[in-house]
1. Within segment 555-576, identify whether any single residue is farther than 27 Å from E516 by Cβ and open to solvent by 10 Å² or more (accessible area, probe 1.4 Å), and answer yes or no.
2. Inside segment 391-411, can you point out the residues that are part of a loop (DSSP other than H, G, I, E, B) and open to solvent by 20 Å² or more (accessible area, probe 1.4 Å)?
3. Scan segment 650-684 residue by residue and report those that are more than 23 Å from A734 (Cα to Cα), among the small types (G, A, S) and in contact with a Cys (Cβ under 9 Å, 6 or more places away or on another chain).
4. For segment 137-150, state whether one or more residues are outside any loop (DSSP other than H, G, I, E, B) and closer than 30 Å to S338 by Cα.
5. Among the residues of segment 736-775, count how many are among the small types (G, A, S) and either open to solvent by 30 Å² or more (accessible area, probe 1.4 Å) or farther than 29 Å from Y137 by Cα (or both).
6. Among the residues of segment 181-201, which ones are touching an Asp or Glu at 6+ places or on another chain (Cβ under 9 Å) and open to solvent by 10 Å² or more (accessible area, probe 1.4 Å)?
7. Exactly one condition in (1) modelled with pLDDT under 95; (2) within 30 Å of V213 (Cα to Cα) is false for T482; which is it?
8. Anything in segment 548-582 that is touching a Gly at 6+ places or on another chain (Cβ under 8 Å) and within 23 Å of L490 (Cβ to Cβ)? List them, or say none.
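The values are calculated or read from the model by the stated rules, or taken from the named source; none is laboratory data. Please read all numbers here as calculations on a predicted model, not as lab measurements. Virtual Cβ from ideal backbone geometry, glycine too; neighbours counted across all protein chains shown. SASA here: full protein model, heavy atoms, side chains in, ligands and nucleic acids out. Shrake-Rupley method; radii C 1.70, N 1.55, O 1.52, S 1.80 Å.
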Amino acid sequence: MNFSLTEQARFFAGTGAGYLEDKPAWKPFMKKGVTPKWSRDRVVDVRHIRLEIRPDFDKRSISGTATLSVAPINEGATFLDLDACEMEIASVHVDGAKTDFRHDGEVLTVQFGRALQADKPVDIRIKYSAVPRRGAYFVGPDRDYPKKHKEFWTQGQDEDSRYWFPCFDYPNEKATSEILVEVPNGMTSLSNGALVNVESRKGHELHHWKHDVPHVAYLMTLVVGDFVKVSKEWDGIPVDYYVPPGSEEDGERAFGRTPDMVRFFSEKTGVRYPYAKYAQITAEDFIFGGMENTTATTQTALTLHDERAHLDFSSEPLVSHELAHQWFGDYLTCRDWSHAWLNESFATYFEAMWCEESLGDDEFKYYLDADWKTYLAEDKGSYRRAIQTNIYNEPLDLFDRHLYQKGAVILHHLRKLLGDRLWWKTIHHYLTNNAEQTVITQDLATSLEKVTGRNWDWFLAQWIHGGGHPQFKLKATWSDKTQSLDFSILQTQKQDDLTAIFRTPVKVRFAWKGGEEVREFELDKPAHRYHLKLPKRPEWVAFDPGNSIPKTLELDFSEDMLVAQLEHDDDVMGRVHAARALGGKATRKAVDALSRALTGDKFWGVQAECAEALGKAHSPEALKALCDAHALPHPKARRAVAAALGEWRHSSATEKLALMLNKDKSYYVAAEAAVALGKTRAVIAFDALMGALPRPSHVDVIRSSVFSAFCELKDLRALPVLHEWTEAGQSQQARYAAVAALGKLARLSTEEKDKLAARERLESLLEGEFRLVMAALSGLGALRDAASIPALAKVARTSHDSRIKKRARDTIEAIRAAQGAPKELKELRDDYDKLKDEHDKLKERVEKMESLNGHGKGGKPGAASSKPGRNGKSTPKVAGKAQSKSKARAARKR
């Protein structure tokens, strides 16, 4: 399962566009008193599930019969509890005989009428109907959105299958399945396994899908609608995708490389794709990014994209993630939710490995680094937890950045410790030894030990059962006297019950002109100090070449060493780390090096890091370099340039951003430029943003970013615009962004009526569809009005969606915390913004005056100039070392 459209989520994480939430202060993952959750006991072995179902589009209801073939595990079973939420149960039969049952709206208790023998199967036939609020969804045209595609689709994970058929809804039970569905004429269907029969009936067809490999209840799926099927194959296995009519070209851009992915995962794991077919189908208003239903993945319709979006947007991360789940999550399934990392961390890492296969090593390493930064944001801004834990309220509490991104980076670390031969041998053993079964972390540990002959409990203890990560601080000082390097490695993370000092081997590369040396160290203490005899003074030092250790890194190296690494390290992450470290220097030498790499480095990711570092340097030279680089070839590098230009309130930055907003070919560059333009607070910004508002784009990223930009601009003229875009009938993605932005902008108003109007509008949206409610919660969180707490408490109490409940509770906590924030803190932030504004304006005026006097852009750094003395004569002024140091000090103060 993927929570978001991956590429879109990475973009929004970088820009602040989309949902506009203030990060909460760090807090424990769970409050005290939350009880451990253990795997459910099983009374019977569910062997087969047969559903005969009729979706009624007009009534938005389902009706049918569920037949479960079960065998008691122990002697003497007299009843069975099944999950069956918000259903009407008409009758229950056991082996053809009608039997008593009790149903309380959530649990269906079936009385067998006798004590059953162990291992002897019986058939339980349940006739039922439902108007589901979860698990199954009807989407289609309505008054506000008359062109919406008409569909019926299901979504089982985590425990929502119980809302559309009676079942044992927990991941420790696997069964084969079949679904017979009445499909209205003109529509098609998709479900698990193979389509074994299609029978024409009056007004509809009966489609019979059958899947003969056991899988868990949450992976059962059914989609019905008007779709076009595009057929492909790999090695005789059908690999299909289904899209709405007219979307075939967009579908090819999104799903066209899937057969190649099936080949790659099959060959690398040594386990051929284990099912009869693989298919993907798009779903309108889907509540996740994608869902790995066995053989039949549901993907959000938002992943479909046009040729212009394809410049710097790809569906392949989402597609490869869900496909990887067919092995990790479907073929092997976590036994209980505390071990869900065995599903999600593996799928996220295999997603990254597809990046390695398709785009190369540089893209792969930088992709994993982006995953790591995503985790770090959660670790720093929200909470820290162990990846494997059974302390949670709802299963979806666990589906976070620790489970996905951190787990993926840890698997990469494990792969590098093992080496590729043992890594892939372990993966093969893990898959084949546990084929079609449920698994726990110990099963992976067993495979690791069997294949390598080594005990890996220490690794799992610190990375999976513990929390946090090593925070390294490095220092390197060369002694000409002893011809040695004083090299220290510190782990500076705070130690507590969750986070310890990490044990890890690390390689360090020492490079000089004409040679290099790589040494390996075993780290297991807070501090290690080495006196290293080297043939020459190293020009640069690379810690953990290849970036295989999950960590943060602080480099206390000389500026010359960092510049040399940025220019000469052939490892992309070495150059990335050097650029980040130089961003904290803000000297002329650092800015010059970053400026050269901004346009000269061969990889766009390094260019992007240089742009960000130059934004932090915030010097006139940095600004010029960024303006000159506004048309870099790679659109993702241009995004970073746009974001960095937003650090200036200067006419040259404003002009370039307006140009990028209006002229760049990439939707996403234009969107980034919009947010950055808002940050400049320029006079032209409001009109420029309003001019961009009518422009359509992929997932409405430009409009969404304009709304984010209004908040950065702090221009209250945008309030009526945001109110207008919160109305039903507006483009949905833009509407969500407007709803979220409304609270943030209204909070800045000194007029109580503006805040009241925003609060009332946002509260009115708390009973809408899922994404609208989530946006409204974000807006109320940003508004920070304590008067909204009763409405939020009602949502937390009554919502049927666990994610909405959690967001509502978190929003209440954030609002209460904000009420205690001192007024002086807000005043300090306002004073800082004002001072920055005045500083940039003054600097611009000085530059213009210098230009008029002949000392502007045409002047050479370090050249002699003159200025009038007290007696009216010119006195020489030499821009030498003293002046450079003065500028450096001023830059550091900024």
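1. No, because not a single residue in segment 555-576 is farther than 27 Å from E516 by Cβ and open to solvent by 10 Å² or more (accessible area, probe 1.4 Å).
2. Of everything in segment 391-411, those that are part of a loop (DSSP other than H, G, I, E, B) and open to solvent by 20 Å² or more (accessible area, probe 1.4 Å) turn out to be N393, E394, R401.
3. Within segment 650-684, S652, A653 meet the criteria.
4. yes
5. 7
6. Correct list: E182, P184, N185, G186, M187, T188, A194, V196, V198, E199, R201.
7. With (1) modelled with pLDDT under 95; (2) within 30 Å of V213 (Cα to Cα) applied to T482, the lone miss is (2).
8. Correct list: Q565, D571, M573, V576.
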